[in-house]
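What follows is a single structure, written as structure tokens, with notes after it.
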Amino acid sequence: MLLIPCPHCGPRNETEFHYGGQAHVAYPDRPDLLSDDEWAEYLFFRDNPKGLFAERWVHGTGCRKWFNVVRDTVTYRIEAVYRLDQPRPELTATTGGAR
Amino acid sequence: MSTTTTTKPLPEHPDWLWHNPDPKPSYDAIVVGGGGHGIATAYYLAKNHGLTNIAVLEKGWLAGGNMARNTTIIRSNYLLDESAAIYEFALKLWEQLPEELDYDFLFSQRGVLNLAHTLQDVREGTRRVNANKLNGVDADWLSADEVAKVCPIVNVSPDLRYPVLGGTFQPRAGIAKHDHVAWAFARACDRMGVDIIQNCEVTDFVKDGNRVVGVETNRGRILAGRVGLTAAGHSSVLAARAGFRLPVQSHPLQALVSELNEPVHPTVVMSNHVHVYVSQAHKGELVMGAGVDSYTGYGQRGSFHVIEHQMAAAVELFPIFARAHLLRTWGGIVDVSPDASPIIGATPVENLFVNCGWGTGGFKATPSAGWVMAHTMATGEPHPLNVPFTLERFVTGALIDEHGAAAVAH
Ligand SMILES: Cc1cc2nc3c(=O)[nH]c(=O)nc-3n(C[C@H](O)[C@H](O)[C@H](O)COP(=O)(O)OP(=O)(O)OC[C@H]3O[C@@H](n4cnc5c(N)ncnc54)[C@H](O)[C@@H]3O)c2cc1C
Ligand SMILES: [Zn+2]
């Protein structure tokens, strides 16, 4: 079980949270102008790195707020936690990283 | 359906299954990933298409990935026509493979029960039974009492939090011994001259313009006319190396076994709603699994609460399991696609083909995945069975939405 440090409530068990997938995927500015390929990218294609991954979690049974996490998908270690209005922190992989 | 299969003596392990050759500098075709799908692809490349100057490159050991980590459930009772076709083709192949490969890998057609616990489950189940029958897939709808006749240890009492309201039953479904399946294919491949190369990790692709002409590995550069990716959880890592994206997410999927018990469980039971699936291996372990961990991961392990949840479901459905002990848990890395259906076919890179996205349910499709992947690699055109399963469907929108449509995801 992951111990997830909610930026608002502090460290809590994973069972209090729901996973929200890749972070920083913005809704298209002009959806009416998107090609089929661009729609496919937006709807179905997400990064799936072996290493550091910026992802969203929501503290469903706590403060109920969404926030972002940078987690290593090999060790599962959480390397950074930040609010939605903060930029992704720059980190270098400590494990498998860019493999 | 019978319980005799659980009491007959286990077959001896045949010696001399395959050799461990060094890689040659070049092959007609290379298959990346020595799991079930990779080894079956190589088998049908050699057997159906006469391509024997080929190699399977496996970064670890044969079947060390999901192939020997799965809960071995084989069934073809999928709702949608495209899925029913490819899984039923696989089931027909399973029925002939022990003889064809001359290897008793304990394929046991003890049936699969998919339980219904809600009105919605009942509607979904009866609809699926009808769809299965129209597609020539054996299927019956059973009442709760009939469920208890097929599997007497299931608790069908109305007092359950989610009582059993009935279920679907596919008598031809069942289980097989997964590692032996891999070895059976491997021995047959080896005899036809296929090189099975373990401890050989593909790290990059050699390209001539947009055409793949070989791979870089930890054992040097190996050239190839065609390359097929059958790397399951690592498919998108390899695709990124080759310069394209795949719409799959890799998740940990866990399973577990109890210690050895007397034969008590004559079939396979799956419950989507309370979420556990259980069979009893020939040796006597209760084999259980459930859903993926929510987060993505390459760690071949997941979180404990997922195991706790499936044990709670198992004990509710099978009160007799309450005193069984958990012996081992483990995880694999499954590549889940947006519509929970596989992706099999061409990629944006010429002569590079992919078979991925089987997620939590690809063991049962091992023979058909290999068959159609071999066809696609050998002829450059998809087999009729994998025409619908292209990568392009995520652009055209012609999804094969088995998510929620299939009995459960396994
Ligand atoms: C716990 C669990 C339970 C499951 N239960 C069922 C079930 O009951 N029924 C069912 O139908 N399916 C089930 N599945 C799904 C099924 O196991 C998979 O869909 C199927 O095994 C995937 O195909 P494969 O056998 O080729 O994969 P794998 O065995 O994972 O093969 C992929 C191989 O590629 C290799 N590889 C990766 N990267 C590289 C590289 N760079 N170079 C060389 N080699 C590489 C890996 O080491 C691996 O051996 C389950 C899976 C899990 C994890
Ligand atoms: Zn919180």
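The table below lists the values:
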| item | result |
| --- | --- |
| Per-residue ³J(HN,Hα) for the stretch B:376-390, Karplus 6.51 cos²θ - 1.76 cosθ + 1.60, θ = phi - 60°, Hz, x for Gly and Pro | 5, 5, 6, 9, x, 10, x, 6, x, 6, 9, 3, x, 9, 6 |
| Computed [θ] at 222 nm, helices only, for chain A once each DSSP H run of length n ≥ 4 contributes -39500 (n - 2.57) | -2500 deg cm²/dmol |
| Cα pair distances in the stretch B:241-363, grouped into 10 Å bins until the bin that holds the longest one, percent each | 13, 37, 28, 15, 7, 1 |
| All-pairs Cα distance distribution in the protein assembly as shown, expressed in whole percent, bin size 20 Å | 23, 56, 21, 0 |
| Potential lengthening between B:Ala148 and B:Val387 on full extension [0.36 nm per residue; Cα-Cα distance subtracted] | 82.0 nm |
| Cβ-isolated cysteines (cut-off 4.7 Å), the protein assembly as shown | A:Cys63, B:Cys151, B:Cys189, B:Cys200, B:Cys356 |
| On Cα atoms only, tilt of B:81-100 relative to the major axis of chain B in degrees | 80 degrees |
| Per residue Cα convex hull volume in Å³ - calculated over chain A | 119 Å³ |
| 14 Å cut-off, amide nitrogen to a point 7 angstrom out along B:Ala398 Cα→Cβ, residues in the stretch B:341-382 | B:344-346, B:382 |
| Of all DSSP beta bridges in the protein assembly as shown, antiparallel share, percent nearest 5 | 75 percent |
| Local electrostatic count, B:Pro21, Cβ distance below 12 Å [Lys/Arg +1, Asp/Glu -1] | -1 |
| Top positive-direction residue, dipole computed over the stretch B:115-197 with Cβ charges, set B:Tyr162, B:Asn132, B:Trp183 | B:Asn132 |
| Within chain B: Cβ-based charge dipole about Cα centre, in debye rounded to nearest 20 (Lys, Arg +1; Asp, Glu -1) | 260 debye |
| Gaussian network model of chain B, springs between alpha carbon atoms under 10 Å - residue of B:Arg69, B:Arg226, B:Arg161 with greatest fluctuation | B:Arg161 |
| Lysine pairs with alpha-carbon atoms under 16 Å apart, the protein assembly as shown, spacing 8 or more or separate chains | 7 |
| Inter-part distance where the stretch B:107-145 and the stretch B:172-218 are each reduced to a Cα centre, Å | 35 Å |
| DSSP-defined antiparallel bridges as percent of all bridges, chain B, nearest 5 | 70 percent |
| Student exercise, the protein assembly as shown dipole from Lys, Arg, Asp, Glu Cβ charges, in Debye to nearest 20 | 660 debye |
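None of the figures in this text is laboratory data; all of them are computed from the coordinates on show. Just so it is clear, the model here is predicted, and its values are computed rather than measured. Backbone-built Cβ (ideal geometry, glycine too); neighbour counts: all protein chains shown.
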